[in-house]
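**Student:** My questions will all concern the structure given below.
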Amino acid sequence: MRWVGILSALWIGLSNSASSQTVTWTGTGIPRIDSMCQQFQQLYTRIREESVLPDSARKQFSDIMFGLRGKFQTAEPFRLDSARRDSLLRSAYFSFPLRNYTPDAIGGTHGEGYRAKGFDLFDYNVRGSHPAQDIFITDRNQDCIDDHTDRPADVLAMTSGIVLAIETAWTPGQEYRGGNWIWVYDPILDGLWYYAHNNAILVRPGDWVQSGQKISEVGRTGYNAYPARSPTHLHLMYLQLQPDGLPLPQNPYEWLLTARNLN
Ligand SMILES: [Zn+2]
(Lines give C-alpha, C1' and ligand atoms only; values in the text may rest on other atoms or scores of the structure.)
Protein backbone atom coordinates (compact mmCIF):
# COMPACT_ATOMS: atom_id res chain seq x y z
CA MET A 1 0.00 0.00 0.00
CA ARG A 2 3.06 2.26 0.21
CA TRP A 3 2.64 3.59 -3.29
CA VAL A 4 -0.89 4.78 -2.45
CA GLY A 5 0.70 6.97 0.21
CA ILE A 6 3.28 8.21 -2.26
CA LEU A 7 0.57 8.94 -4.76
CA SER A 8 -1.50 10.87 -2.24
CA ALA A 9 1.56 12.80 -1.15
CA LEU A 10 2.34 13.57 -4.76
CA TRP A 11 -1.15 14.75 -5.43
CA ILE A 12 -1.03 16.99 -2.41
CA GLY A 13 2.39 18.12 -3.59
CA LEU A 14 1.05 18.85 -7.04
CA SER A 15 -1.85 20.87 -5.71
CA ASN A 16 0.34 22.80 -3.29
CA SER A 17 3.32 23.41 -5.52
CA ALA A 18 1.84 26.28 -7.51
CA SER A 19 0.47 29.23 -5.62
CA SER A 20 -2.78 29.37 -7.60
CA GLN A 21 -3.25 25.59 -7.50
CA THR A 22 -2.67 25.62 -11.23
CA VAL A 23 -0.58 22.81 -12.66
CA THR A 24 2.07 24.48 -14.78
CA TRP A 25 4.84 21.93 -15.19
CA THR A 26 5.96 21.49 -18.76
CA GLY A 27 7.36 18.49 -20.58
CA THR A 28 9.40 18.78 -23.75
CA GLY A 29 7.42 18.84 -26.97
CA ILE A 30 4.06 18.55 -25.23
CA PRO A 31 1.68 21.51 -25.10
CA ARG A 32 1.20 23.17 -21.73
CA ILE A 33 -1.80 22.14 -19.65
CA ASP A 34 -3.35 25.59 -19.85
CA SER A 35 -3.28 25.57 -23.64
CA MET A 36 -4.96 22.14 -23.67
CA CYS A 37 -7.63 23.48 -21.31
CA GLN A 38 -8.15 26.43 -23.62
CA GLN A 39 -8.47 24.16 -26.65
CA PHE A 40 -10.98 21.95 -24.86
CA GLN A 41 -13.04 24.95 -23.71
CA GLN A 42 -13.13 26.36 -27.25
CA LEU A 43 -13.97 23.02 -28.82
CA TYR A 44 -16.78 22.25 -26.39
CA THR A 45 -18.24 25.73 -26.90
CA ARG A 46 -18.17 25.23 -30.67
CA ILE A 47 -19.85 21.81 -30.36
CA ARG A 48 -22.59 23.41 -28.28
CA GLU A 49 -23.03 26.22 -30.79
CA GLU A 50 -22.91 23.68 -33.65
CA SER A 51 -20.19 25.70 -35.36
CA VAL A 52 -17.97 22.64 -35.88
CA LEU A 53 -18.83 19.50 -37.83
CA PRO A 54 -19.03 16.34 -35.68
CA ASP A 55 -16.18 14.59 -37.54
CA SER A 56 -13.88 17.56 -37.18
CA ALA A 57 -14.84 17.87 -33.50
CA ARG A 58 -14.01 14.19 -32.97
CA LYS A 59 -10.55 14.65 -34.47
CA GLN A 60 -9.82 17.78 -32.40
CA PHE A 61 -11.11 16.12 -29.24
CA SER A 62 -8.95 13.07 -29.73
CA ASP A 63 -5.87 15.28 -30.36
CA ILE A 64 -6.46 17.13 -27.08
CA MET A 65 -6.89 13.86 -25.19
CA PHE A 66 -3.65 12.46 -26.63
CA GLY A 67 -1.97 15.67 -25.48
CA LEU A 68 -3.32 15.24 -21.95
CA ARG A 69 -2.28 11.60 -21.80
CA GLY A 70 1.20 12.50 -23.03
CA LYS A 71 1.43 15.17 -20.39
CA PHE A 72 0.41 13.02 -17.46
CA GLN A 73 2.13 9.82 -18.53
CA THR A 74 5.43 11.67 -18.32
CA ALA A 75 4.72 12.13 -14.59
CA GLU A 76 5.70 8.95 -12.76
CA PRO A 77 2.74 8.64 -10.33
CA PHE A 78 0.29 8.41 -13.19
CA ARG A 79 2.04 5.49 -14.85
CA LEU A 80 0.19 2.57 -13.28
CA ASP A 81 -0.06 -1.03 -14.38
CA SER A 82 -3.53 -2.54 -14.31
CA ALA A 83 -3.05 -4.31 -10.95
CA ARG A 84 -2.01 -1.08 -9.23
CA ARG A 85 -4.85 0.77 -10.91
CA ASP A 86 -7.44 -1.80 -9.79
CA SER A 87 -6.09 -1.73 -6.26
CA LEU A 88 -6.26 2.06 -6.23
CA LEU A 89 -9.88 2.03 -7.39
CA ARG A 90 -10.76 -0.24 -4.46
CA SER A 91 -9.11 2.00 -1.88
CA ALA A 92 -11.47 4.92 -1.18
CA TYR A 93 -10.69 6.38 -4.59
CA PHE A 94 -14.19 7.76 -5.19
CA SER A 95 -15.94 10.45 -3.16
CA PHE A 96 -19.70 10.76 -3.29
CA PRO A 97 -20.20 14.01 -5.20
CA LEU A 98 -22.69 15.65 -2.80
CA ARG A 99 -21.69 16.50 0.76
CA ASN A 100 -24.11 15.14 3.39
CA TYR A 101 -25.81 12.85 0.85
CA THR A 102 -25.72 9.11 0.18
CA PRO A 103 -26.69 6.92 -2.80
CA ASP A 104 -30.34 7.22 -1.64
CA ALA A 105 -30.30 10.60 -3.38
CA ILE A 106 -29.60 9.05 -6.81
CA GLY A 107 -32.60 9.25 -9.15
CA GLY A 108 -34.57 6.04 -9.76
CA THR A 109 -34.39 3.01 -7.51
CA HIS A 110 -31.39 1.24 -9.05
CA GLY A 111 -29.81 4.00 -11.07
CA GLU A 112 -31.98 3.32 -14.09
CA GLY A 113 -31.97 7.03 -14.96
CA TYR A 114 -28.86 6.18 -16.97
CA ARG A 115 -29.55 5.75 -20.70
CA ALA A 116 -26.49 5.88 -22.94
CA LYS A 117 -28.08 4.71 -26.17
CA GLY A 118 -27.76 7.26 -28.97
CA PHE A 119 -25.40 9.59 -27.11
CA ASP A 120 -22.97 11.56 -29.25
CA LEU A 121 -20.86 14.19 -27.50
CA PHE A 122 -20.01 15.74 -30.85
CA ASP A 123 -23.49 16.26 -32.22
CA TYR A 124 -25.50 18.67 -30.09
CA ASN A 125 -28.65 17.88 -32.10
CA VAL A 126 -28.82 14.30 -30.89
CA ARG A 127 -31.27 14.15 -28.00
CA GLY A 128 -33.10 11.59 -25.94
CA SER A 129 -30.15 9.90 -24.26
CA HIS A 130 -29.12 10.52 -20.64
CA PRO A 131 -25.74 8.85 -20.08
CA ALA A 132 -25.59 10.21 -16.54
CA GLN A 133 -26.87 9.91 -13.00
CA ASP A 134 -28.96 12.68 -11.46
CA ILE A 135 -28.46 13.16 -7.72
CA PHE A 136 -31.17 15.14 -5.96
CA ILE A 137 -30.96 17.47 -2.97
CA THR A 138 -33.80 18.27 -0.59
CA ASP A 139 -35.04 21.62 -1.88
CA ARG A 140 -38.84 21.86 -1.80
CA ASN A 141 -39.05 25.56 -2.61
CA GLN A 142 -36.35 25.28 -5.31
CA ASP A 143 -34.19 28.11 -3.97
CA CYS A 144 -31.04 25.91 -4.14
CA ILE A 145 -30.75 26.08 -0.36
CA ASP A 146 -30.69 22.61 1.17
CA ASP A 147 -33.77 22.20 3.38
CA HIS A 148 -31.78 20.18 5.93
CA THR A 149 -28.76 22.43 6.34
CA ASP A 150 -30.12 25.86 5.30
CA ARG A 151 -27.02 26.20 3.13
CA PRO A 152 -26.22 25.52 -0.51
CA ALA A 153 -25.34 21.86 -1.16
CA ASP A 154 -21.66 21.27 -1.94
CA VAL A 155 -20.62 19.42 -5.08
CA LEU A 156 -17.44 17.40 -4.43
CA ALA A 157 -15.01 16.02 -7.00
CA MET A 158 -15.70 12.28 -7.47
CA THR A 159 -11.98 11.72 -8.12
CA SER A 160 -8.82 13.78 -8.41
CA GLY A 161 -8.01 15.40 -11.71
CA ILE A 162 -7.40 18.52 -13.71
CA VAL A 163 -10.20 20.99 -14.44
CA LEU A 164 -10.35 21.32 -18.21
CA ALA A 165 -13.20 23.76 -18.72
CA ILE A 166 -16.05 25.49 -16.95
CA GLU A 167 -19.16 27.46 -17.87
CA THR A 168 -20.24 30.16 -15.43
CA ALA A 169 -22.36 32.48 -17.54
CA TRP A 170 -25.59 30.56 -18.03
CA THR A 171 -28.73 32.68 -17.69
CA PRO A 172 -32.41 31.63 -17.69
CA GLY A 173 -33.74 31.60 -21.23
CA GLN A 174 -30.57 30.12 -22.74
CA GLU A 175 -31.25 26.80 -24.40
CA TYR A 176 -27.97 25.19 -23.31
CA ARG A 177 -28.88 22.07 -21.37
CA GLY A 178 -25.92 21.76 -19.02
CA GLY A 179 -26.22 25.25 -17.56
CA ASN A 180 -23.08 25.99 -15.56
CA TRP A 181 -20.86 22.93 -15.95
CA ILE A 182 -17.39 21.63 -15.07
CA TRP A 183 -15.24 19.18 -17.05
CA VAL A 184 -12.47 17.35 -15.18
CA TYR A 185 -9.87 14.95 -16.67
CA ASP A 186 -8.77 12.12 -14.36
CA PRO A 187 -5.36 10.86 -15.56
CA ILE A 188 -5.56 7.63 -13.51
CA LEU A 189 -8.91 6.57 -14.97
CA ASP A 190 -8.03 8.27 -18.27
CA GLY A 191 -11.57 9.60 -18.39
CA LEU A 192 -13.65 12.75 -18.07
CA TRP A 193 -16.13 13.82 -15.44
CA TYR A 194 -18.90 16.28 -16.27
CA TYR A 195 -20.80 18.04 -13.47
CA ALA A 196 -23.81 20.04 -14.67
CA HIS A 197 -26.56 22.44 -13.42
CA ASN A 198 -24.26 24.10 -10.86
CA ASN A 199 -24.75 27.49 -9.25
CA ALA A 200 -21.45 28.87 -7.98
CA ILE A 201 -18.35 27.26 -9.48
CA LEU A 202 -15.25 27.38 -7.30
CA VAL A 203 -12.59 26.01 -9.65
CA ARG A 204 -10.89 27.30 -12.78
CA PRO A 205 -9.44 25.54 -15.83
CA GLY A 206 -5.95 24.29 -15.00
CA ASP A 207 -6.76 23.69 -11.30
CA TRP A 208 -5.87 20.31 -9.85
CA VAL A 209 -8.73 19.08 -7.67
CA GLN A 210 -8.52 16.37 -5.04
CA SER A 211 -11.11 13.63 -4.70
CA GLY A 212 -13.69 15.00 -2.24
CA GLN A 213 -12.74 18.65 -2.76
CA LYS A 214 -15.63 21.12 -3.06
CA ILE A 215 -15.80 22.30 -6.66
CA SER A 216 -19.21 23.98 -6.84
CA GLU A 217 -22.68 24.29 -5.34
CA VAL A 218 -25.78 22.52 -6.64
CA GLY A 219 -27.96 24.74 -8.79
CA ARG A 220 -30.79 24.74 -11.28
CA THR A 221 -28.92 26.08 -14.31
CA GLY A 222 -29.68 24.56 -17.71
CA TYR A 223 -32.61 24.55 -20.10
CA ASN A 224 -34.40 21.58 -18.52
CA ALA A 225 -33.09 21.94 -14.97
CA TYR A 226 -34.40 25.48 -14.49
CA PRO A 227 -38.19 24.99 -14.88
CA ALA A 228 -40.21 24.07 -11.77
CA ARG A 229 -40.94 20.55 -13.12
CA SER A 230 -37.31 19.62 -12.39
CA PRO A 231 -36.29 18.93 -8.76
CA THR A 232 -32.91 20.45 -7.85
CA HIS A 233 -30.09 18.05 -8.71
CA LEU A 234 -26.55 17.42 -9.87
CA HIS A 235 -26.16 15.81 -13.30
CA LEU A 236 -23.07 13.58 -13.23
CA MET A 237 -21.60 12.00 -16.35
CA TYR A 238 -18.42 9.95 -16.80
CA LEU A 239 -16.82 9.39 -20.20
CA GLN A 240 -14.18 6.69 -20.51
CA LEU A 241 -11.56 7.49 -23.13
CA GLN A 242 -10.91 4.75 -25.64
CA PRO A 243 -7.48 3.92 -27.11
CA ASP A 244 -8.28 6.23 -30.06
CA GLY A 245 -8.86 9.13 -27.66
CA LEU A 246 -12.63 9.20 -28.18
CA PRO A 247 -15.09 9.09 -25.29
CA LEU A 248 -17.55 6.35 -24.37
CA PRO A 249 -20.12 6.96 -21.62
CA GLN A 250 -19.81 4.62 -18.66
CA ASN A 251 -22.39 4.27 -15.91
CA PRO A 252 -20.89 5.62 -12.67
CA TYR A 253 -23.64 3.97 -10.59
CA GLU A 254 -21.46 1.24 -9.01
CA TRP A 255 -18.76 3.77 -8.20
CA LEU A 256 -21.39 5.98 -6.54
CA LEU A 257 -22.51 3.06 -4.38
CA THR A 258 -18.99 2.37 -3.13
CA ALA A 259 -17.85 6.01 -2.86
CA ARG A 260 -16.96 7.41 0.54
CA ASN A 261 -19.59 9.78 1.90
CA LEU A 262 -18.34 13.11 3.23
CA ASN A 263 -20.16 15.23 5.77
ZN1 LIG B 1 -29.40 14.57 -15.79
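The values are calculated or read from the model by the stated rules, or taken from the named source; none is laboratory data. For clarity, every value in this text was computed on a predicted model and none was experimentally measured. Here the Cβ positions follow ideal geometry from the backbone for every residue, glycine too, while neighbour counts run over all protein chains shown. Accessible surface is based on the protein model in full, side chains and every heavy atom, while ligands, DNA and RNA are left aside. Shrake-Rupley method; radii C 1.70, N 1.55, O 1.52, S 1.80 Å.
**Student:** Within region 221-263, track down each residue that is more than 15 Å from the ligand (Cβ to nearest atom) and in a loop (DSSP other than H, G, I, E, B).
**Tutor:** First, the residues of region 221-263 that are more than 15 Å from the ligand (Cβ to nearest atom): 228, 240-248, 250, 254-255, 257-263.
If the condition is that a residue be more than 15 Å from the ligand (Cβ to nearest atom) and in a loop (DSSP other than H, G, I, E, B), then ALA228, GLN242, PRO243, ASP244, GLY245, LEU246, GLN250, ALA259, ASN261, LEU262, ASN263 are the ones that fit.
**Student:** Now a separate question. Determine which single condition ILE188 fails, assuming it passes every other condition in (1) under 25 Å from ARG69 (Cβ atoms); (2) touching a strand residue (DSSP E or B) at 6+ places or on another chain (Cβ under 6 Å).
**Tutor:** For ILE188, the exception is condition (2).
**Student:** Please pick out the residue among GLY118, GLY108, GLY128 that is free of Cβ contacts under 8 Å to residues at least 24 places away in the same chain and over 30 Å from LEU53 (Cβ atoms).
**Tutor:** Details: GLY118 fails: over 30 Å from LEU53 (Cβ atoms); GLY128 fails: over 30 Å from LEU53 (Cβ atoms).
Going through GLY118, GLY108, GLY128 in turn, the sole match is GLY108.
**Student:** Yes or no: region 74-95 includes at least one residue that is modelled with pLDDT under 95, open to solvent by less than 50 Å² (accessible area, probe 1.4 Å) and in contact with a Gly (Cβ under 9 Å, 6 or more places away or on another chain).
**Tutor:** yes
**Student:** Something else: Could you check ILE162 against (1) more than 16 Å from the ligand (Cβ to nearest atom); (2) modelled with pLDDT of 95 or more; (3) open to solvent by 30 Å² or more (accessible area, probe 1.4 Å) and say which number it fails?
**Tutor:** (3)
**Student:** Give region 113-140 a look and list any residue that's out of contact with any strand residue (DSSP E or B) (no Cβ under 7 Å at 6 or more places or on another chain), farther than 25 Å from PRO103 by Cβ and away from the ligand (no atom under 14 Å from the Cβ), or say none.
**Tutor:** Step one: list which residues in region 113-140 are out of contact with any strand residue (DSSP E or B) (no Cβ under 7 Å at 6 or more places or on another chain), which gives 117-118, 120, 122-128, 138-140.
Add one more test, that the residue is farther than 25 Å from PRO103 by Cβ, and what stays is 118, 120, 122-128.
Scanning region 113-140 gives GLY118, ASP120, PHE122, ASP123, TYR124, ASN125, VAL126.
**Student:** Let me ask something else. Which residue pairs have Cβ atoms closer than 7 Å, lie 6 or more positions apart in sequence or on different chains, and pair a first residue in region 190-209 that is farther than 22 Å from GLN133 by Cβ with a second residue that is open to solvent by 10 Å² or more (accessible area, probe 1.4 Å) and of a type in the set (Asp, Glu)?
**Tutor:** GLY206/ASP34
**Student:** Which residue, of VAL218, VAL184, VAL203, VAL209, is modelled with pLDDT of 95 or more, within 16 Å of the ligand (Cβ to nearest atom) and open to solvent by less than 20 Å² (accessible area, probe 1.4 Å)?
**Tutor:** Details: VAL184 fails: within 16 Å of the ligand (Cβ to nearest atom); VAL203 fails: within 16 Å of the ligand (Cβ to nearest atom); VAL209 fails: within 16 Å of the ligand (Cβ to nearest atom).
When all the criteria are applied, what remains is VAL218.
**Student:** Among the numbered conditions (1) modelled with pLDDT under 90; (2) in a loop (DSSP other than H, G, I, E, B); (3) surrounded by 15 or more Cβ atoms within 10 Å (Cβ to Cβ), tell me where LEU14 comes up short.
**Tutor:** (2)
**Student:** Oh, and also: Working only within region 131-159, note down all residues that are open to solvent by 10 Å² or more (accessible area, probe 1.4 Å), at negative phi and touching a residue at least 12 places away in the same chain (Cβ under 8 Å).
**Tutor:** Start the filter on region 131-159 by keeping residues that are open to solvent by 10 Å² or more (accessible area, probe 1.4 Å), which leaves 134, 136-145, 147-152, 154.
Next cut, at negative phi only: 134, 136-141, 143, 145, 147-149, 151-152, 154.
The answer is ASP134, PHE136, ILE137, ASP139, HIS148, THR149, PRO152, ASP154.
**Student:** Then there is this: For a quick check of your reading of the model, give me the residue pairs whose first member lies in region 213-242 and is at positive phi, whose second is within 13 Å of the ligand (Cβ to nearest atom) and basic (Lys, Arg), with beta-carbon atoms closer than 7 Å and at least 6 apart or on different chains.
**Tutor:** Filtered contacts from region 213-242: GLY222/ARG177.
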